[in-house]
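The values are calculated or read from the model by the stated rules, or taken from the named source; none is laboratory data. Nothing here was measured: the structure is a model prediction, and the numbers come from that model. Methodologically, a virtual Cβ is constructed for each residue, glycine included, from the backbone with ideal geometry; neighbour enumeration extends over all protein chains shown. For accessibility, only protein heavy atoms count, side chains too; no ligands or nucleic acids. Shrake-Rupley method; radii C 1.70, N 1.55, O 1.52, S 1.80 Å.
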Amino acid sequence: MTDDHAISRNGGSPTKQAKLNSGKDDRLTMAYLGPPGTYGEMAAAAFKSCYNVDIDLVPCPSISAIWERTANFHVLPLENTIHGGVTETLDCLLSNLNPFTEDESSIEKVKRKRRIVADLALPISHCLVVRKGTRKEDIRWIRSHEQALGQSSKYLKTQYPGVKLKTWPSTAGAAVTLLSPSDEDLAEGPGAALCAKAAAKLYQNELDILFEGTQGISDNYTRFILLSDSKTSSTHTPSSIPNPNPTEFYILPAASDIIPFLQSSQIRNIHTRPTPTSSSAQQTEEVNSSGEVWKYREERFPTLYFIEVDQQSIKGDVAVKRNEEGENKEWALGKASWRVTDTQLKAI
Ligand SMILES: O=C(O)C(=O)C[C@]1(C(=O)O)C=C[C@@H](O)C=C1
């Protein structure tokens, strides 16, 4: 597997990237969040195990780098039991609603064709790791992915009040920074990282686990989604059991677009994200009684909606509406038609 820092410096090995970009290499590729020891790596291994063909795992240095990477499959964390939606993932998915432009680059066209095909719920438990010899009372800062810090916020507030929290694109990447600290880190004193036990084990000669389970509860899960383009999903079928109750995903540009879904189906989930550059902002304003120009909420706080709908509950109206209004009104982002089960996950 490629070293994460090599990727962040070089954008991946030139030969491999050239092959991925050219599409001439027949081998299938799956982009996920590296370096080794991330939860994303575990999710990718689980999705990969459901295919009967060999798939090259392509580690990427951040969630947005996964989205920018050309590959047959993309593995993204979507939501977490404690900390909710993974904002970087939602922003990547919602960027598919950007207005189409004539001079759109080929990667933009490729990104528009990606659809969600499967999901899994990975159990998440974080370890607090330090360089060997560092004691609890020495720790001046703690680094991890925003989600791991958020999931552990109660523990961090009570056990490490006043300690500086630093974000990093991945949990395992945060642990790696302890191995060769930057000048800035050294100046701030000894630090710690939150990561999976798998990452702590990879560096067990250099790192110690000071505490296991910083998220505080045992039933903590992160849901990962698998995306692929229609050509890949039509030619490669997973061996996993189809989801008996699949869900469909949509991006909606206005809150009012949720109404037909509310009337005609069961909504399982709604995530919202601000979109300052969104074309959905309405250019309407009126003068209020004190002569002040009142701008509508949509204009000052433009928002996109990512909704998940129970497919079996969708009644005719939404289906008809979909055909009538097409992709200008709403964007279908695919369907989780299969799932890696908890039993399959345990076996990996
Ligand atoms: O940093 C990692 O190890 C990841 O796989 C990312 C990620 C996330 O984005 O939510 C995945 C699972 C955990 O919730 C923490 C971090």
Q. Counting only residues that are charged (D, E, K, R) and open to solvent by less than 50 Å² (accessible area, probe 1.4 Å), how many does the stretch 218-252 have?
A. 3
Q: Pick out the one residue from T303, T343 that is at pLDDT 75 or above, in the same structural domain as L90 (by TED's automatic domain parsing) and under 27 Å from the mean Cα position of the chain (by Cα).
A: T343
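Does the stretch 133-151 hold any residues that are more than 13 Å from the ligand (Cβ to nearest atom) and open to solvent by 20 Å² or more (accessible area, probe 1.4 Å), and which are they?
Those that are more than 13 Å from the ligand (Cβ to nearest atom) and open to solvent by 20 Å² or more (accessible area, probe 1.4 Å): G133, T134, R135, K136, E137, D138, R140.
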Q | Qualifying positions in the stretch 253-278 - open to solvent by 50 Å² or more (accessible area, probe 1.4 Å), in a helix (DSSP H, G or I) and within 22 Å of Q311 (Cβ to Cβ) | A | I259, L262, Q263
Q.
Can you find, within the stretch 217-250, the residue that is nearest to the chain's Cα centre (by Cα) among those that are more than 12 Å from D119 (Cβ to Cβ) and among the aliphatic types (A, V, I, L, M)?
A. I217
Q: Taking V130 as meeting all but one of (1) in a strand (DSSP E or B); (2) more than 14 Å from the ligand (Cβ to nearest atom); (3) open to solvent by 10 Å² or more (accessible area, probe 1.4 Å), write down the number of the exception.
A: (3)
Q: State all residues of the stretch 66-120 that are open to solvent by less than 40 Å² (accessible area, probe 1.4 Å), over 11 Å from the mean Cα position of the chain (by Cα) and within 13 Å of the ligand (Cβ to nearest atom); if no residue qualifies, say none.
A: G84, L120
**Q.** Residues being touching a helix residue (DSSP H, G or I) at 6+ places or on another chain (Cβ under 8 Å) and within 16 Å of the ligand (Cβ to nearest atom) - total across the stretch 152-165
**A.** 2
